[in-house]
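See structure below.
Every number here is computed from the coordinates shown, using simple stated rules; none is lab data. Since the model is a prediction, treat every value here as computed from it, not as a measurement. No Cβ is skipped: glycine too gets one built from the backbone with ideal geometry, and neighbour counts run over all protein chains shown.
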Protein chains: 2
Amino acid sequence: MRLTILGCYAATPRTITNPTSQVLEIRNRMFLIDCGEGTQVQLRKNKLKFSKINHIFISHLHGDHFYGLVGLISTFMLLNRQTDLHVYGPKGIKEIILLQLRYSNSFTGYNLYFHELESKESEVIFEDEKVIVKTIPLKHRVYTNGYLFQEKPKERKLNVEAVEKYKIDTAYFRKIKYGGDITLDNGTVIPNAELSFDPEPTKNYAFCSDTMYDETLIPLIQDVDVLYHETTFLESEANKAEKTMHSTAKEAARIAKLANVKQLLLGHYSTRYSSIELFKQEAETIFPNVLLGDDGKVFDFD
Amino acid sequence: MRLTILGCYAATPRTITNPTSQVLEIRNRMFLIDCGEGTQVQLRKNKLKFSKINHIFISHLHGDHFYGLVGLISTFMLLNRQTDLHVYGPKGIKEIILLQLRYSNSFTGYNLYFHELESKESEVIFEDEKVIVKTIPLKHRVYTNGYLFQEKPKERKLNVEAVEKYKIDTAYFRKIKYGGDITLDNGTVIPNAELSFDPEPTKNYAFCSDTMYDETLIPLIQDVDVLYHETTFLESEANKAEKTMHSTAKEAARIAKLANVKQLLLGHYSTRYSSIELFKQEAETIFPNVLLGDDGKVFDFD
């Protein structure tokens, strides 16, 4: 599981900071999460392969989280993309994008599917054989979802010595990898535990931006490996956080602690502060395992 | 008259090239012409003062000419802008922008005026005491206008020695600057030509992008000081130019020659070529005074 931060600053794009966008690579899938203005340039800068993105998740319809989407969709057209593209986001995203394509007399050569979200309950919005994605309803000034990306359990690892010892045919290996016991020709049952090792542990990643401090999201992110939680402000601006329905670094850390996550990743910083290190320092007073997101940073979680 | 090229490449924004946007500073007015994705960052990079932009001219609704507009409008909100903002562009621009502001639950604290264009004839769309702006209807795949920016005649310059010689009261200086003759107390009429010098010549700038080769625009840009004419392709790709309703460098030069402009400024380059110098070389085979536009270049035309 690898996460590339394309942008993690609040509000407007600037010369050196970018609005929210991230790429999560997990089990060979490449998911784009939010798509602020300039995201396609950030993808190029970080040498990520555009064409591998088939699923885009938009948290909410504030500009710093989606103004780059229409440009990316257009660029996919110019690059002659053929593969289906799926966009998940709040109701309205389809109307906004299609209106602009219509006025520019443009048609995508690929299938563009919109999965518009309206539910205030967590729901599964993507699932294949290896990964599952659920919404995390957040509380912000407009309808907003975070997203939980979960690896499905991996195959068990074959105990090569054991299968050789019992002379088990390769035709049964798949059964073993999926946890099955094996009955030998003489009727003896060999329990799976003897024929395989536990699989590598699965990872999961919770993206929570933008949101006010909200304990109701704790059950949804309980024990995750990595929690990205917005921290627009420091505690000294707690009044601004409350007014704008954002979180402070302390609040993000409190959620991380209560949800017992393994690591807390910070981002969505207001640009009013002299250094983003301040966010880390403040969060660490509550929760120890804090990672400081920054544009262009790559985190390998395996 | 000063022109800053924020971006002059066709199609998609890349790490080192930007889609179309220019800032024209003329008689203390700052006009933004087109606004591709990333324009607000380009404004910052080029240290141009956002707040001085009160008029934005959009040529057409292809993404590389306007996808940065909604972000700029949003940033003006965040910067707490109070001054009126005027946007000129094809019918549809208002619907596109307001739809996005509505979904983000945003309201501008300043007055945002849309001047939607539909006419296929050239028309005056802006005029104040110093500058006049007219549309230049262009032929492209969607409804498109270029824009002609014309300085109005400046005041004549006072001949200080002459007014002292005739002991003319300062109360009459304004009249002299506007070309009036002066009658002395003894009844003698002093002709203006004796009391003032010709004003500095006025400048004008024609922005023509995107367009196919089209001689009908010649009367509208006859004798202009600077003509920006798109040149997406070289003559070797003339078939592509024709198919996509763009121009080659040769065609741009031919228009410049037929319209007897003083200088031709090139831009809107396809990124397929190894060097933009090739556009200049090709254009110069037809027309001598060619300027090569490039992102971040500033041209002073006074």
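Listed values, structure above:
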read-out: Three principal axis lengths of the range B:157-197 [C-alpha, angstrom, descending]; value: 25, 17, 17
read-out: Listed peptides B:133-145, A:54-66, A:110-122 by packing density, highest first (mean Cβ within 10 Å); value: A:54-66, B:133-145, A:110-122
read-out: Under-5 Å amide H pairs with residue A:115, H placed in peptide plane, nonlocal only; value: A:87, A:88, A:89
read-out: Virtual spin-label span in nm between residue A:297 and residue A:95, 7 Å along Cα→Cβ; value: 3.8
read-out: Inter-copy separations for residue B:218, label at 7 Å along Cα-Cβ, nm, ascending; value: 7.8
read-out: Volume in Å³ per residue [convex hull over Cα atoms, computed for the range B:36-99]; value: 85
read-out: Quarter of Cα convex hull surface for the range A:195-302, i.e. mean projection, nm²; value: 7.7
read-out: The range A:150-249 - Debye-derived log10 I(q)/I(0), Cα point model, q = 0.14, 0.16, 0.20, 0.22 Å⁻¹; value: -0.65, -0.73, -0.94, -1.04
read-out: Pair residue B:102, residue B:243: separation of 7 Å Cα→Cβ label points (nm); value: 3.9
read-out: Inter-probe distance in nm under a simple model that places probes 7 Å from Cα toward Cβ, at residue A:157 and residue B:202; value: 8.1
read-out: Out-of-range pairs (alpha-carbon distance over 32 Å; input A:94/A:152; A:94/A:243; B:52/B:203; A:45/A:175; A:154/A:250); value: A:45/A:175; A:154/A:250
read-out: Pseudo-label separations to other copies for residue B:271 - Cα-to-Cβ vector, 7 Å, nm; value: 2.3
read-out: Part-to-part distance (alpha-carbon centres) for the range A:133-212 and the range B:98-135, which is given in Å; value: 58
read-out: Among A:19, A:201, A:90: highest mean-square fluctuation, GNM of chain A, C-alpha pairs under 10 Å; value: A:201
read-out: Relative exposure of B:124, B:131, judged by other C-beta atoms within 10 Å (fewest first); value: B:124, B:131
read-out: Listed residues A:43, A:278, A:24, most fluctuating in chain A (Gaussian network, C-alpha, under 10 Å); value: A:278
read-out: For residue A:118, inter-copy label distances in nm, listed shortest first [label point 7 Å out on the Cα-Cβ vector]; value: 3.3
read-out: Table column - 3J(HN,Hα) (Hz), the range B:170-176, Karplus curve with 6.51, -1.76, 1.60, x for Gly and Pro; value: 4, 4, 9, 4, 4, 4, 5
